[in-house]
Every structure is written in structure tokens, then in C-alpha cells.
Amino acid sequence: MDDRTMRAEPSRTTLIVCSRNRPALLSSVVASILDGMEVPDELLVVDQSVEPHPELAAFETPRCRFRYLNSATVGLSRGRNIGIAAASHPVIVFTDDDVLVPPGWFGTLVRSLEAAGPRSVVTGRVLAAEAETEGGFAPSLHPGTARVVYEGRVYQDPLATFNIALPRSAHAEVGGFDVRLGPGTPFPAAEDNDFGHRLLEAGYRIVFDPEAVVFHRAWRDDRAYVSLRHAYGRGQGAFYAKHLSLEDRYMLRRMIGTLVSHVRRLPRAVLNDLRATAGSAPPAYWRSARRSSTSRRMTAGEAAWILGFLAGMLEWLATKRQFR
């Protein structure tokens, strides 16, 4: 075997799915992964549910090595760290339990990581699946259509950690997911923003490949919209507070820009609410943002995000750390 053949040999992969108390969603994503044209060498489920999954706890498949870990822990970040620690292979792929993957997704994502070269992480598009309930919505989307390579200090959050491939060594180098951030914690979001920021600060590139597509299931109904927006804002506020520095103003500038963009959206949301109340059609911007929601709920959601952001930032600064 010559060097060219050795370089062409694909790395072995572990695909990790974390879940908690959503057995039907978990079964569906596992089925969609195993229905793919290509599958990982190892499919590892970290299930933090109160009760073990009734089917997956003893599940086997001829397509790949399947492992099921039932953990008494709580928190998506903690679950992902457990998964990486237990993984058998040098390339790690993540998706979540409320995602469905098309048949070509896994192979596309892994080949994109191989093509990106050393010190690269690859993420991809996240599109909304069809609504599964009246007013159903998918809360987190990455719909861009252009390939983008992010390096150094950026003013976006490019990483979708439920559609990501990375070398396991990156996790070891930059540290695991921050268990104080993300679903299942008092700051229930932005664990992906934090992990992506630390990768970029360590000199990694984040490659957005629009050909690697997953579908975020719209299983939540519109009653969850405002509370979810508050949770997202709270996590974002904590993320920015974590990285604020008196000596380095980069994160301060980025934080102000993010907050200002949301504050500017609020008057438009209020105006849209007034137009809807008067009987006129809502602007296309808001229809595309969330077709099934009412204008009033979107206004409340924007206000909830801002309040959550301020609360998360202040609470983190008061309880977690001082300025560096």
C-alpha cells in the first residue's frame, strides 16, 4: 500500500445522538440514519432519559456497530461529552434526536470533512421539516446555500452542532462542551456557539457545507414559541458573559451587535402586530421567519429573547465568573 492509498483510506467514524425523554423522536432519527446510503462505523446513543428506551436498549443492526448508553446525567453538553469519551473512532459526527437525516447526509458530511484538511470542522444546512402539529415550528435553522469557510474572529455563530463532523482530537484540544450551557441547564442554549467560538480561537476552521443537509422536525406547537425564545436568549446572554474581557473588546463588540439587532427587530414586530390586528397581510420577512405563528406571538418572542439575554448575561456575571 503506497502513501497515496494510505491517505485515501477514510477515517473510521462514530456518530453520536443524545436524547432525554423523547423515545419516539429518538427511534425516528436512528431509523433515518440506518436508512442512509452510508452509515457510520459506530452509532452511539447517549440516552439521559429517566427510563431506558424500550427498543434501543437491546437493539442490534447489521449495518454498523450500535451502542446504547443510558446515563443518569442531565444536560445535552454533558451527554455529548460522555459520547465523545465513549466513542471508538477518530472522527466524530453529531446529530440530535429531533432531526431527520436524508439518505446522502452522512457520506456528504464526512467526505466534506476529509476534503477540508487538518484542523477543520464541518457543519451544514438545517432546514425545517413539515409541521407535525397545528402551529408546529422548527426553532433553529441554518438555511444558507453558499459554502463558507470561517476562520479567526467572526461575528456569526456558524456551528450547528446537530449537523457536525470533527476530528476527535479537536474536542481534546479545546475542551469539551461547557456543561453549564445548553438544554438541561439554567442557561439552556448557546453550547454550540461556545464550542464554535473556542474552536475558532484555537485556530480551527469551521466549514459550512450546504450539501450536508438535515431536517429539524417541527414537532413543537406554537405554545412553546415564547418560552423557547426566552431560553435561547438566556443561553446567548450567558455565552457572551462567559467570554467578555476588559482587555479584549472583540466579544463586547460582538455582544452589542447581537443585542442591537434584536432590539431593532422589536419595533418591526410590533408594527407587524398592529398591521395584523388591522387586517393587513404580514410582511414577507415575518412569514418566512415562522409561517404558522401569529404576529403577536412573534412580538412576544422577540421581547422574551431580549429579556432572556439580559437575564442570562447578568446571572452568569453574578454567579459564574468575574471579568478576565
State whether the residues of region 114-122 include one that is part of a loop (DSSP other than H, G, I, E, B) and either touching a Pro at 6+ places or on another chain (Cβ under 9 Å) or at negative phi (or both).
yes
Close pairs from region 94-111: first small (G, A, S), partner modelled with pLDDT of 95 or more, Cβ under 7 Å, at least 6 apart:
G104/M37; G107/M37; G107/E38
Looking at V29, V45, V50 in this structure, which one is out of contact with any Asp or Glu (no Cβ under 6 Å at 6 or more places or on another chain), hydrophobic (A, V, I, L, M, F, W, C) and surrounded by 15 or more Cβ atoms within 10 Å (Cβ to Cβ)?
V45
Condition first: surrounded by fewer than 20 Cβ atoms within 10 Å (Cβ to Cβ) and in contact with a Phe, Trp or Tyr (Cβ under 7 Å, 6 or more places away or on another chain). Can you find one or more residues in region 84-103 that meet it?
yes
Only residues that are of a type in the set (S, T, N, Q) and crowded, with 21+ Cβ neighbours inside 10 Å: list them for region 121-134, please.
T123
Give me the pairs, please: first residue somewhere in region 142-154 and in the same structural domain as R198 (by TED's automatic domain parsing), second residue anywhere and surrounded by fewer than 12 Cβ atoms within 10 Å (Cβ to Cβ), beta-carbon distance under 9 Å, and either six or more positions apart or on two chains.
E151/G203; G152/G203
With respect to A138, determine if the residue is within 20 Å of R22 (Cβ to Cβ), surrounded by fewer than 22 Cβ atoms within 10 Å (Cβ to Cβ), within 14 Å of the chain's Cα centre (by Cα) and of a type in the set (G, A, S).
yes
Within region 145-167, is even one residue of a type in the set (V, I, T) and exposed (fewer than 14 other Cβ atoms within 10 Å of the Cβ)?
yes
For A238, all conditions in the list (1) under 10 Å from A189 (Cα atoms); (2) assigned by TED's automatic domain parsing to the domain that holds V126; (3) not acidic (D, E) hold save one; what is the number of the exception?
(2)
Hey, C18 hits all of (1) surrounded by fewer than 17 Cβ atoms within 10 Å (Cβ to Cβ); (2) under 17 Å from the mean Cα position of the chain (by Cα) but one; which does it fall short on?
(1)
Where the second residue is assigned to a loop (DSSP other than H, G, I, E, B) and of a type in the set (F, W, Y) and the first is in contact (Cβ under 8 Å) with a residue 40 or more places away in the chain and buried (at least 19 other Cβ atoms within 10 Å of the Cβ) and lies in region 207-225, which pairs have Cβ atoms under 8 Å and are six or more apart or on separate chains?
V214/F162; H216/F162
Taking region 141-196 and keeping only residues that are part of a helix (DSSP H, G or I) and among the small types (G, A, S), one is left with S169, A170, A172, G196
Checking I84, I16 in turn, the sole residue that is in a strand (DSSP E or B) and closer than 26 Å to V126 by Cα turns out to be I16
Of everything in region 65-88, what is touching a Lys or Arg at 6+ places or on another chain (Cβ under 9 Å) and touching a residue at least 60 places away in the same chain (Cβ under 8 Å)? Give them in sequence order.
V74, G75, L76, S77, G79, I84, A87, S88
Kindly list the number of the only condition in (1) assigned to a helix (DSSP H, G or I); (2) in contact with a Phe, Trp or Tyr (Cβ under 8 Å, 6 or more places away or on another chain) that fails for V207.
(1)
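The values are calculated or read from the model by the stated rules, or taken from the named source; none is laboratory data. As the structure is a prediction and not an experimental result, all values here were calculated from the model. Don't worry about glycine lacking a Cβ; one is built from the backbone with ideal geometry, like all the others, and counts go over all protein chains shown.
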